[in-house]
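Report on the following structure.
The values are calculated or read from the model by the stated rules, or taken from the named source; none is laboratory data. Quantities reported herein were computed from a predicted structural model and do not represent experimental measurements. We place every Cβ from the backbone using ideal geometry, glycine too, and count neighbours over all the protein chains shown. Ligands, DNA and RNA are stripped out before the accessible areas are found, and what is left, the full protein with its side chains, is counted by its heavy atoms. Shrake-Rupley method; radii C 1.70, N 1.55, O 1.52, S 1.80 Å.
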Amino acid sequence: ATDGANGFEQLDGARCVDTFVIGGSTYAIVTAATDNGVQIIDVSDPFALAAVGDATDGANGFDVLRSARGVDTFVIGGSTYAIVAGYGDNGVQLLNVSDPHHPVALASATDGQDGFDELYNAHGVATFVVDGKTYALVAARDDDGVQLIDVSDPARPVAVWSVTDGVDGFDELDGARGVVTFAIGAKTYAIVTSAYDSGA
């Protein structure tokens, strides 16, 4: 699939991708940094990809998709959601993708607002569940840190915690970029890549 062909309108500067399943069909959501948006693709037939929906910064309530980078999807109560790191907007955009043909803007959060203090140049994002609540961990490249967000209500994200490189024993977060979470036993962990510390 190529930007500008066969209905694909949001693939210029494609950066990150995640997949999800709805009604027996498999979809991919791709972030496009140059197009400032996301493209949703039906990949149920991997030999015949189909553009089904998209969203662009500044249209239809989407206000934090500029230079979109990381993306992760999650399910709450039978609905499927996505969270996108809006690098150029210094924040995150939450959207409902339960109807992949018509993604809906729900809420956004930006650096310096309502307790969000580690979202400047938000780059990577990963979601996880602890004690029935859904959280997102965002790596912010030029804040040199990570922001933890409660997204259990995707329409009302809440800042929970954050940390910056050089504080409380965190010494490999300079230029934080990628992030992934995982569980071992009853504990949940995250690993974050550090571009400028050349570590994780």
Is segment 12-83 best put as rounded, prolate or oblate by its Cα gyration tensor, with a ≥ b ≥ c the root eigenvalues, rounded for a/c under 1.5, and otherwise prolate when a/b is larger than b/c, oblate when not? oblate
Expressed per residue, the solvent accessible area of segment 1-91 in Å² (1.4 Å probe) is about 42
Could you size up the charge dipole of segment 88-200 around its Cα centre, putting +1 on the beta carbon of Lys and Arg and -1 on that of Asp and Glu, and report it in debye to the nearest 20? 520
Extreme residue, positive dipole direction of segment 8-79, given options S25, S67, G37 (C-beta unit charges): S67
Expressed in nanometres to one decimal, the distance between label points 7 Å along Cα→Cβ at D12 and S25 is 2.7
Taking the alpha-carbon centroid of each part, what is the distance from segment 110-153 to segment 37-101 in angstrom? 17
Starting from the Cα of K133, step 7 Å along the direction of its Cβ; do the same at N96; then give the gap between the two resulting points in nm. 2.3
Which one of S194, G169, T134 has its Cα pushed farthest toward the positive end of the charge dipole of segment 50-200, where Lys and Arg give +1 and Asp and Glu give -1 at the Cβ? T134
Mind putting a number on the dipole of segment 11-111 about its Cα centre? Charges go on the C-beta only, +1 for Lys and Arg and -1 for Asp and Glu, and I need it in Debye to the nearest 20. 120
Under a Cβ-only charge scheme (Lys and Arg +1, Asp and Glu -1), can you give me the dipole magnitude of the chain about the Cα centre, in debye to the nearest 20? 500
With an 8 Å cut-off on Cα pairs and a minimum separation of 6 or more residues, tell me the relative contact order of segment 113-173 in percent. 27
